[in-house]
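Okay, structure first, notes after.
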Amino acid sequence: MSTKTIKEATKNTSKKDADNKNGNSVNAKDNSSDKDDADGPILGSGRSYFNDYGVAVGPITHIREEREQLLSAKWNNFSVQLMGATIGGLVSNIDLREELSDEIIAELRSALLAYKVLFFRDQPISSEQHVAFAKRFGELEVHPFLPGAEGVPELVRFEKSAEMGGYENGWHSDVTWREVPSMGAILHNIEAPAVGGDTHFADMCAIYDGLSDEMKERIDSLYAVHDYIQAFAVLVPEDKKEEMRKQYPPVTHPVVRTHPETGRKILYLNRFFVSHIEGIPKEESTELIDALCREADYQEYQCHFKWEKDSIAFWDNRAVQHYASSDYWPEVRIGERASIIGDRPV
Ligand code: SIN
């Protein structure tokens with residue numbers, strides 16, 4: 001894109017102005033208009049609306065400090081390579097099949113909080129070793145709807161093929177329809193397609209921090225209703241529907257939750273499980289959820305992971321959302337996931 005095009009585009013702030021007036025602006029800063037000179041805005045330090053679609057371009061400046069901290073972080077028991085600006089750490093020099101010391105587990109937990117998702121390569125763990133490793137971080141949940149690994153109910157098995165496509169290609173955090181959603185999930189790849197099937201992660205802390213002050217004020221005290229029916233109704237047999245409904249009624253969680261360990265604020269909404277925001281008209285609620293969820297589409301908030309056999313991803317399910325590309329059908333993609341029980345969002 002030429003500088004001229006951007007200069008012309010940044011002058012078009014009508015959508016931004018309209019959205020700001022309606023309290024709809026989801027992006028943090030647009031200081032281009034402060035920088036107008038005879039030749040147009042000086043580019044370099046802020047977000048600008050590129051066109052009438054409300055899509056922002058330009059540097060996302062508030063992620064700089066965290067990126068610099070993560071780039072210079074040092075770990076005693078393993079090495080970590082930063083994958084995205086503020087999210088994703090590829091961990092090396094560790095063997096997850098071993099009985100790891102409490103010190104190493106504590107350091108991995110600190111790394112998880114810092115990078116929000118950790119990745120590991122070449123970890124040929126058995127299902128039992130997978131469960132044993134996950135249990136070092138807390139009690140594990142058993143998923144009531146998704147199929148488990150044979151003889152290991154704590155592991156959800158995602159087995160995709162020509163007969164079963166991948167339906168995880170939407171931004172979400174896991175099981176937010178539970179009163180107590182999981183704090184983290186550990187996904188071990190057993191068979192990866194030759195091409196595709198990457199999982200993408202979005203930093204919902206950085207996304208919250210990047211919202212405009214007006215938007216933060218608008219959503220900070222709102223609650224959203226999360227309901228498994230949205231995504232899993234088709235998986236529940238007719239004769240179990242009533243029982244499941246009783247066991248898993250719709251739950252409300254704050255739209256902005258506070259991370260119980262880091263204290264950071266997190267945008268906690270997803271289109272998979274959220275039916276609506278309480279206390280506002282349905283249409284407004286749908287528009288607001290959609291606009292907020294679209295923030296995860298900005299690549300600057302993301303990191304991406306290409307799976308290989310025996311790769312592992314360990315995500316902080318409170319702080320990130322994930323999206324598994326469904327571009328490999330009819331190839332096979334198999335993974336098993338352990339989920340660690342978390343806290344009730346507040
Ligand atoms: C999931 O949505 O938890 C599965 C993610 C994946 O298969 O990459």
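All of the numbers you see were taken from the coordinates with simple rules; none came from a lab. All figures in this text were calculated on a predicted structure; none of them were measured in a lab. Every residue, glycine as well, gets a Cβ built from its backbone with ideal geometry; the counts of neighbours run over all protein chains shown.
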Filter result (in a loop (DSSP other than H, G, I, E, B) and more than 13 Å from the ligand (Cβ to nearest atom)) within the stretch 179-204: Glu179, Val180, Ala194, Val195
Among (1) under 24 Å from Arg294 (Cα atoms); (2) touching a helix residue (DSSP H, G or I) at 6+ places or on another chain (Cβ under 7 Å); (3) within 16 Å of the ligand (Cβ to nearest atom), the one test that Lys265 misses: (3)
Please specify each residue of the stretch 295-346 satisfying the condition of being small (Gly, Ala, Ser) and over 13 Å from Asp198 (Cβ atoms). Ala296, Ala319, Ala338, Ser339, Gly342
When residues of the stretch 317-346 are limited to those that are within 14 Å of the chain's Cα centre (by Cα) and away from the ligand (no atom under 13 Å from the Cβ), the one nearest to Val251 (Cα to Cα): Arg318
Those residues of the stretch 238-272 which are more than 23 Å from Asp209 (Cα to Cα) and in contact (Cβ under 8 Å) with a residue 24 or more places away in the chain amount to Met244, Gln247, Tyr248, Pro250, Val251
Can you give me the number of residues within the stretch 109-132 that are without any contact (Cβ under 8 Å) to a residue 60 or more places away in the chain, closer than 25 Å to Met204 by Cβ and not small (Gly, Ala, Ser)? 2
Considering only residues of the stretch 316-333 that are in contact with a Lys or Arg (Cβ under 7 Å, 6 or more places away or on another chain) and part of a strand (DSSP E or B), which is nearest to Leu112 (Cα to Cα)? Asp316
